[in-house]
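Rule-based calculations on the coordinates, nothing more; no lab input. Computed from a prediction, not measured in an experiment: that's the story for all the values here. Glycine gets a Cβ as well: all are built from the backbone with ideal geometry, and neighbour counts include every protein chain shown.
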Amino acid sequence: MLAKDESAKDYFVSTLTGLGLTKQQAKVYHALIQSRKATANDISEVSEVARPDVYRVLDELEKVGFVTRVIAKPLEFQAIPIDKCLTQLMKLRIDKTSDLADRIRYLIENFNPTNSVNGKSEGRNQFILLPKKMPVYLKTETMLRNVKGCVCFLGLTRRMISWLSNYLSLFEKMLERQVDCRIIMPEFEATQEPFSSLKKHSNFGLRVISQTSITGFSVWDRKELLLTTSTVDSATSAPTLWSNNEGLVNLALGYFDLLWANAR
């Protein structure tokens, strides 16, 4: 319901800003929704947003699909229907809330004082599923900073290259700390080569296998395992299992060493 001191326009704008638009974006969209189409001058007058800002805001709304251009003289704009706009904003809001929930779970699981003593693991076997990209990337970033002796990767091509592209600088710093690193990947095209800057390090090794890997995993300091749960080779991250279970870590490491001996 409308508050006593809130007009219909104010209610419209406050609702859309609550769903993620800026105040200027909400005002411009409100002005457009009132008419079938309008010029930037018309939008500026109705929305009370300065004309230079209107052009900037229209570009922003166009990029997210809330506004389209109408080829005319002068140039006109029109808004998508309000129900489609609200549906999309709600989806974005839900996705953002879900991502924040994943971050919260990750922080609780990895920084809870009851899980460590003076920053060291108590050593009990653990299995943690990292369900989405952000928790996976946060975990691997922490492990890149903390690994001390060795790390090995069995990578799915697109996923490995995508991940490494995000963390190339941090990866190089790890190598500069003299951490031994071995990577096994299926054969890839030269145009996909992401490793040229890493090959200068004597503690970096890369070998390829002819067959497509059925999974991807990494073993860190022979103590921790990250196992990708999807066999689809995609540039997007997949749910990943972290574990410090000694048996599982040794199984993965043994399989890696077998592949390494036969790779080229």
TODO: Return the percentage of antiparallel bridges among DSSP beta bridges fully within the stretch 124-262, rounded to the nearest 5 %.
DONE: 60 percent
TODO: Output the pairs from Lys132/Lys223; Lys9/Lys63; Lys96/Lys133; Lys23/Lys91; Lys9/Lys91 with a Cα-Cα distance over 21 Å in this structure; if there are none, say none.
DONE: Lys132/Lys223; Lys9/Lys63; Lys9/Lys91
TODO: Would you mind pulling out the separation of the Cα centroids of the stretch 27-104 and the stretch 225-263, in Å?
DONE: 45 Å
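How high is the FRET efficiency between Asn262 and Asn166 when r is their beta carbon distance and R₀ equals 30 Å, given to the nearest 0.05?
Using R0 = 30 Å, I get an efficiency of 0.50.
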